[in-house]
Amino acid sequence: MKESTLIGLSILIYLGSWVFYLIHAIVRHRLSGKVGDLLALAGLLAHTAAIASRWIESHRQGIGHAPFSNLYESMVFFSWTIVLICLVSLRRLQSRLLGAVVMPMAFLALASTSLMDRQIQPLVPALQSNWLTAHVITCFLGYAAFAVAFGANLLYLGTTSRKGKRKSGGAIWGLMPAPEVLDEFSYRIIAVGFPMLTLGIITGAAWANSAWGSYWSWDPKETWSLIVWFIYAGYLHARIVRGWRGRRSVWLSVVGFCATLFCYLGVNLLLSGLHSYATG
Amino acid sequence: MKKTLRSTLDRLEDLLSSTRFTLFLCLVLAGVSIVGTLVPQNGRPEDYEARYGQTGARVLEFLGFTDLYHSAGFILLLSLLGLNLATCTARRFPGVWRSLRRAAGADPEPALAHWKNQDTLELWGDPERVDVDLERALRRLFGRPTVRAGSLEAGASRFARRFEKNRLSRLGPYLAHASLLLILLGGLLGALFGFRATLILHEGEESSTVWIEKEARNLDLGFAIRCNRFVVETYPDGSPKEYRSEVTVSDPRTGTTIDAAIRVNHPLSFRGVTLYQSTYGSSPDFVLEVEDRQSRERVEIRTRLHAPFLLPGGRGERAIAMDFRENLVIPAEMMRMTSFPREDLGPAVRIAIVDDRGFQNPFWILKEFPDWDLRKAGPYRFRFLDLHLLRYTGIEVSKDPGTPLVWAGCILLVLGFLLSLLMDHEVTWVTREVTEKGAIRVRIASRAVRHPLAYEARFAAKKERLRKKLSPWLEEPLDGQSGVRGGDGRK
């Protein structure tokens, strides 16, 4: 199948998966939660096939490269990593409510690609590097981990009162993991995302060093990745050594995810710099 | 007086080594860094004035926001972070190191009384064989035994053991922090002893010095670089595929000569200096004819932009090419005042006579209208004979003795994260005793040092696996018979 067909299919399946997770959350229907899982998995397969088919197609055109080189390709991959990490986390957290907040993120990310230029472009000299793949994969695994943590933060904020107690009433709350479990979960996933982000920054620095002769040049993208890094470093210290739990740490993680989004999209759209898809 | 000084110093040290200060620095650095991504960095003063007004530009300049990441304030924040990392590590590391080195107490009772993760098993069968299986299973699940109290010899009715797993993960945070210091140190080393410069080389040109912008001086590289050719390759759709500088690097002292190609992402290293493909372009090379009206002396001069040249006539006067247009266009409203047949005048170079007061009365000369010369009355007559566009390559020349430290720091940092964030030090106490009925009773208490909550689920899984591994010994034999009974035979 063609890449565009597969992407369209994945968008639809993700939407379906979200709807079933929502039904599961609202009417506490167990089976629809399972359908949500299955659809998310099926969507991920179609999505993977789409990425693979684009990769193969680029080789067929004689300009073969991993599909990580412009805004469209990065957004497709971002959505893919979100679903992957969401599915892994669902097994861990034992609550499908997470799917109801994370799947819409994956769906929106992937749906937004239909507005972008999806032409396969040859790699300009600066992008012809072995670091490209390692850099993109590590960065987006980090971003996606933060996105899933953000999903758990939303659940936390939506279901607990100011004092960290469970809000009363509502069918959804019955399925909800305890607030401490959600809090701990988002911490654990940030503890995985943070080393990934660090690896992403390091591979980016190594790449910059071979392309521009300097491992760090305070380009806006670099600086924003460092800002994100500082925020999550602060978060980890706040939790591990300062004993922050609950709302305070949840809000810090929310701030971290906003900075992550700005680092990924805001910098490209609003600021100028060296990054390739800044203009794309 | 002395006392208050000391207590102030103590308090200062407390502040510097506190984790609250770490948290504060992380968030402040994040906040301050944002400013530098909003205000353009290292721009020209006139651009700031155009954008922020005169007062605004002066305020930004004063605050150091125009070169934020190299401003004293930012470097101070980074130094404080470095100091904080160092003092935190120095304060806490010895304690952790000692506790890792020191043998733990031999008493399992506090663990069995208080730890949250507990399990009790009763095993039946030949003690020697049970113990072999038990030992193997415990090592698999709970790591290495580090403390033994009581012996495992047959007949000993009771022993206690402490198992530990991922002990080294305790060192993770220190490794991570030390490697951050290493990276900062590498950055400092690069800033102090490194240099960066852009070397513009026209095809056929050679240079052994570079201009260091930051220090406003020429630096002798000790070897010469010659650009033989600069090539741009394109894809069929016209987008760039490769920028390549074909260079010859030669060291006069050793006589070594190397031919190499410098491409984007494929720098060339030579004697500790690295050469990167950075930019390219073309610059004009003019052939001018100048005549001294008085002596009728006429010379042909080949020159470039901004390179003063000697004028004929023997008066030692000089001129310079100030500006160049590939096609000089007369504004439409000026057309009526001139006698030119068209608006596009073609290649033009702007010449000025240089004297000690500066550049005098600059004027344009045109290649396609050689006889047009506004300075007919002056002492010289200029003609623009020919133009060559010379391609040049811009090579970034840099030396950074800090990079090995930075890369070493990066590798150790990742290792430190692996140890501290993705692994946990697990401690497990196990006691074994023989009950009155002849069963071997095993009691287990276990905990993880850093992430106790996450460990609960893992411990539950370990309990299950332990039962699976020891399943042959879990059934109580009927009437002293040996052998295994299936089903739910246990009462």
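The values are calculated or read from the model by the stated rules, or taken from the named source; none is laboratory data. Here the structure is a predicted model, which means the values were calculated and not measured. FYI the Cβ positions are ideal-geometry reconstructions off the backbone, even for glycines, and counts take in every protein chain you see.
With respect to B:Ala30, determine if the residue is among the aliphatic types (A, V, I, L, M), assigned to a helix (DSSP H, G or I) and more than 9 Å from every other protein chain (Cβ to nearest Cβ).
For B:Ala30, the condition - among the aliphatic types (A, V, I, L, M), assigned to a helix (DSSP H, G or I) and more than 9 Å from every other protein chain (Cβ to nearest Cβ) - is not met.
Working only within the range B:433-470, note down all residues that are out of contact with any helix residue (DSSP H, G or I) (no Cβ under 7 Å at 6 or more places or on another chain) and over 30 Å from B:Gly172 (Cα atoms).
Answer for the range B:433-470, where residues must be out of contact with any helix residue (DSSP H, G or I) (no Cβ under 7 Å at 6 or more places or on another chain) and over 30 Å from B:Gly172 (Cα atoms): B:Glu433, B:Val434, B:Thr435, B:Glu436, B:Lys437, B:Gly438, B:Ala439, B:Arg441, B:Arg467, B:Lys468.
I'd like the full set of residues that are touching a Ser or Thr at 6+ places or on another chain (Cβ under 9 Å) and on the phi > 0 side of the Ramachandran plot, limited to the range B:19-74.
Residues satisfying the conditions are B:Asn42, B:Gly64.
Between B:Phe74, B:Phe163, which is aromatic (Phe, Trp, Tyr), more than 18 Å from B:Val442 (Cβ to Cβ) and either in contact (Cβ under 8 Å) with a residue 40 or more places away in the chain or not assigned by TED's automatic domain parsing to the domain that holds B:Ser33 (or both)?
Working: B:Phe163 fails: more than 18 Å from B:Val442 (Cβ to Cβ).
Result: B:Phe74 is the single residue among B:Phe74, B:Phe163 that is aromatic (Phe, Trp, Tyr), more than 18 Å from B:Val442 (Cβ to Cβ) and either in contact (Cβ under 8 Å) with a residue 40 or more places away in the chain or not assigned by TED's automatic domain parsing to the domain that holds B:Ser33 (or both).
Check off (1) more than 23 Å from A:Phe68 (Cα to Cα); (2) without any contact (Cβ under 8 Å) to a residue 24 or more places away in the chain; (3) of a type outside the set (Asp, Glu); (4) assigned to a loop (DSSP other than H, G, I, E, B) for A:His237 and give me the number that stays unchecked.
Unmet condition: (4).
Looking at B:Leu68, B:Leu100, which one is closer than 30 Å to B:Glu164 by Cβ, modelled with pLDDT under 90 and touching a helix residue (DSSP H, G or I) at 6+ places or on another chain (Cβ under 7 Å)?
Among B:Leu68, B:Leu100, only B:Leu100 is closer than 30 Å to B:Glu164 by Cβ, modelled with pLDDT under 90 and touching a helix residue (DSSP H, G or I) at 6+ places or on another chain (Cβ under 7 Å).
Residues of the range B:132-156 being at pLDDT 85 or above and surrounded by 15 or more Cβ atoms within 10 Å (Cβ to Cβ), which ones?
First, pick out the residues of the range B:132-156 that are at pLDDT 85 or above: B:132-145.
Across the range B:132-156, the qualifying residues are B:Asp133, B:Leu134, B:Glu135, B:Ala137, B:Leu138, B:Leu141, B:Phe142, B:Gly143, B:Pro145.
Counting just the residues of the range A:215-236 that are small (Gly, Ala, Ser) and more than 7 Å from chain B (Cβ to nearest Cβ), which one comes out surrounded by the fewest Cβ atoms within 10 Å (Cβ to Cβ)? Steps first, answer last, please.
Quick first cut of the range A:215-236, residues small (Gly, Ala, Ser) only: A:217, A:225, A:233-234.
Next cut, more than 7 Å from chain B (Cβ to nearest Cβ) only: A:217, A:225.
Numbers: A:Ser217: 17, A:Ser225: 24.
It comes out as A:Ser217.
Just the residues that are in contact with a Pro (Cβ under 9 Å, 6 or more places away or on another chain) and at pLDDT below 85, please, taken from the range A:166-198.
If the condition is that a residue be in contact with a Pro (Cβ under 9 Å, 6 or more places away or on another chain) and at pLDDT below 85, then A:Arg166 is the only one that fits.
Confirm whether A:Leu6 is in contact with a Pro (Cβ under 9 Å, 6 or more places away or on another chain), modelled with pLDDT of 95 or more and under 19 Å from A:Thr113 (Cα atoms).
Working: in contact with a Pro (Cβ under 9 Å, 6 or more places away or on another chain): no; modelled with pLDDT of 95 or more: yes; under 19 Å from A:Thr113 (Cα atoms): yes.
The answer is no for A:Leu6.
Here are B:Pro252, B:Pro308, B:Pro312: which of them is in the same structural domain as B:Val232 (by TED's automatic domain parsing) and either among the charged types (D, E, K, R) or more than 30 Å from B:Thr234 (Cβ to Cβ) (or both)?
Of the residues listed, the single one that is in the same structural domain as B:Val232 (by TED's automatic domain parsing) and either among the charged types (D, E, K, R) or more than 30 Å from B:Thr234 (Cβ to Cβ) (or both) is B:Pro252.
Kindly establish whether B:Phe93 is in a helix (DSSP H, G or I) and away from chain A (no Cβ under 13 Å).
It is true that B:Phe93 is in a helix (DSSP H, G or I) and away from chain A (no Cβ under 13 Å).
This table checks each residue for (1) more than 18 Å from B:Leu390 (Cα to Cα); (2) within 11 Å of chain A (Cβ to nearest Cβ).
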{"residue": "B:Lys214", "(1), (2)": "yes, no"}
{"residue": "B:Gly222", "(1), (2)": "yes, no"}
{"residue": "B:Asn228", "(1), (2)": "no, no"}
{"residue": "B:Val232", "(1), (2)": "no, yes"}
{"residue": "B:Val247", "(1), (2)": "no, no"}
{"residue": "B:Thr254", "(1), (2)": "yes, no"}
{"residue": "B:Pro267", "(1), (2)": "yes, yes"}
{"residue": "B:Gly272", "(1), (2)": "yes, no"}
{"residue": "B:Asp285", "(1), (2)": "no, no"}
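Mind listing just one residue for me: the one in the range B:36-58 that is part of a helix (DSSP H, G or I) and surrounded by 14 or more Cβ atoms within 10 Å (Cβ to Cβ) and, of those, nearest to the other protein chains (Cβ to nearest Cβ)?
B:Thr37
Would you point out which residue out of B:Thr431, B:Thr435, B:Thr393 is modelled with pLDDT of 85 or more and either away from chain A (no Cβ under 14 Å) or surrounded by fewer than 16 Cβ atoms within 10 Å (Cβ to Cβ) (or both)?
B:Thr431
Go through the residues of the range A:261-269 one by one and say whether even a single one is crowded, with 18+ Cβ neighbours inside 10 Å and closer than 27 Å to A:Leu90 by Cβ.
Yes, some residue in the range A:261-269 is crowded, with 18+ Cβ neighbours inside 10 Å and closer than 27 Å to A:Leu90 by Cβ.
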